[in-house]
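Take a look at the structure below.
The values are calculated or read from the model by the stated rules, or taken from the named source; none is laboratory data. Note that the coordinates shown come from a computational prediction; the quantities given were computed from them, not determined experimentally. We place every Cβ from the backbone using ideal geometry, glycine too, and count neighbours over all the protein chains shown. The area values use the complete protein model at the heavy-atom level, side chains included, leaving out ligands, DNA and RNA. Shrake-Rupley method; radii C 1.70, N 1.55, O 1.52, S 1.80 Å.
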Amino acid sequence: MKLVAIPAFSDNYLWLWHQDGQAVVVDPGDAKPVREVLSREGLSLAAILVTHHHADHIGGVVELREATGAQVYGPARENIPEPLIPALPGAPFQLLGQTVKVIDVPGHTSGHIAYFLPDTPQAPVLFCGDTLFSGGCGRIFEGTPAQMLSSLDALAALPTNTRVCCAHEYTLSNLKFALAVEPNNLDLQNYTAHCKSLRAQDLPTLPANLGNELKINPFLRSRLATVRQSVAQHAGLSAQTQNNDTTLFAALREWKNNFR
Ligand code: ZN
Ligand code: FE
């Protein structure tokens, strides 16, 4: 199984994996760069996985389906071009010899789902769309902070060696914010230096490693005392409100929304 990040637009990655000449693509916002990879590598497209309804994730679905006959899987509760096979938690399916599990991760959009491949030959793989980013998380457009927090909790519980395939190269700007939240986090300082050198060579910072995210991503660390205190101070939360996990998480997300 080979995992490929196809850059698209200004900062999207369209993730593709292939095995024995067949491919699956996740969130093809644009068909053209996917078709280029398919023809260059001599691959046929077996399936398309969609995490949520935003245009930069579904823009190429119809063209790719029409060109290849690939089956499309996606969230049951969002507006995705039909025909669609609804991907449901509790109903894992097989693609190119891999088990694909579906995880509900509402927050960025109300029906957002993630795909988890637990049994790949190397480490497990997570396609999380715009829910979890390296050093950050998606904006909460349709859901609530409580939903986003519980979605991130579900992802944080996956095996620590999971390869996290985020849909955007937002890492450096996320890490700048993370350092504002946790200036003394050594792992975060080291990871920032590492990612800066990758970006200087025009290399992706992804896939991220889940175990590392647990050490550096403030949105997965919002219950820790250091993060709590930092957010409470920034937002002026009382001792009482800062003990509420959802309030604290909402204030952290709000801080990031306004951070430059
Ligand atoms: Zn999105
Ligand atoms: Fe996106």
Inset, instruction - Considering only the range 160-179, state which residues are touching a Gly at 6+ places or on another chain (Cβ under 7 Å), open to solvent by 30 Å² or more (accessible area, probe 1.4 Å) and under 9 Å from GLY135 (Cβ atoms). - result: TYR170
Legend entry - Which numbered condition ARG65 misses (of (1) under 30 Å from THR246 (Cβ atoms); (2) open to solvent by 10 Å² or more (accessible area, probe 1.4 Å)): (1)
Inset, instruction - Tell me, please, whether a residue that is within 16 Å of ligand 2 (Cβ to nearest atom), touching a residue at least 60 places away in the same chain (Cβ under 8 Å) and open to solvent by less than 50 Å² (accessible area, probe 1.4 Å) can be found in the range 149-159. - result: no
Inset, instruction - Could you list, in sequence order, all residues of the range 136-148 that are away from ligand 2 (no atom under 14 Å from the Cβ) and either over 13 Å from PHE249 (Cβ atoms) or buried (at least 18 other Cβ atoms within 10 Å of the Cβ) (or both)? - result: GLY143, PRO145, GLN147, MET148
Legend entry - Listing of helices (runs of 4 or more DSSP H) fully contained in the range 45-163 that carry 3 or more residues being closer than 30 Å to ALA193 by Cα and of a type in the set (Ser, Thr, Tyr): none
Legend entry - Check on LEU248, among the hydrophobic types (A, V, I, L, M, F, W, C), open to solvent by 60 Å² or more (accessible area, probe 1.4 Å) and in a helix (DSSP H, G or I): no
Legend entry - Considering residues of the range 14-58 that are touching a residue at least 60 places away in the same chain (Cβ under 8 Å), more than 16 Å from ligand 2 (Cβ to nearest atom) and more than 13 Å from THR68 (Cα to Cα) only, the residue surrounded by the fewest Cβ atoms within 10 Å (Cβ to Cβ): ASP20
Legend entry - Which numbered condition GLY97 fails, given (1) open to solvent by 40 Å² or more (accessible area, probe 1.4 Å); (2) in contact (Cβ under 8 Å) with a residue 40 or more places away in the chain; (3) within 16 Å of ligand 1 (Cβ to nearest atom); (4) not charged (D, E, K, R): (3)
Legend entry - Selection count, the range 100-127, where residues are open to solvent by 60 Å² or more (accessible area, probe 1.4 Å) and either at pLDDT below 95 or hydrophobic (A, V, I, L, M, F, W, C) (or both): 2
Inset, instruction - Please find, among LEU117, LEU132, the residue that is within 16 Å of ligand 1 (Cβ to nearest atom), among the hydrophobic types (A, V, I, L, M, F, W, C) and within 26 Å of GLU213 (Cα to Cα). - result: LEU132
Legend entry - Residue in the range 190-204 that is least open to solvent (accessible area, probe 1.4 Å), counting only those that are assigned to a helix (DSSP H, G or I) and of a type in the set (S, T, N, Q): THR192
Legend entry - Residue selected from the range 59-70 under the condition of a type outside the set (Val, Ile, Thr) and away from ligand 2 (no atom under 14 Å from the Cβ), by the criterion nearest to GLN22 (Cα to Cα): ALA70
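So, in the range 2-12, exactly how many residues are open to solvent by 20 Å² or more (accessible area, probe 1.4 Å) and either at pLDDT below 95 or assigned to a strand (DSSP E or B) (or both)?
5
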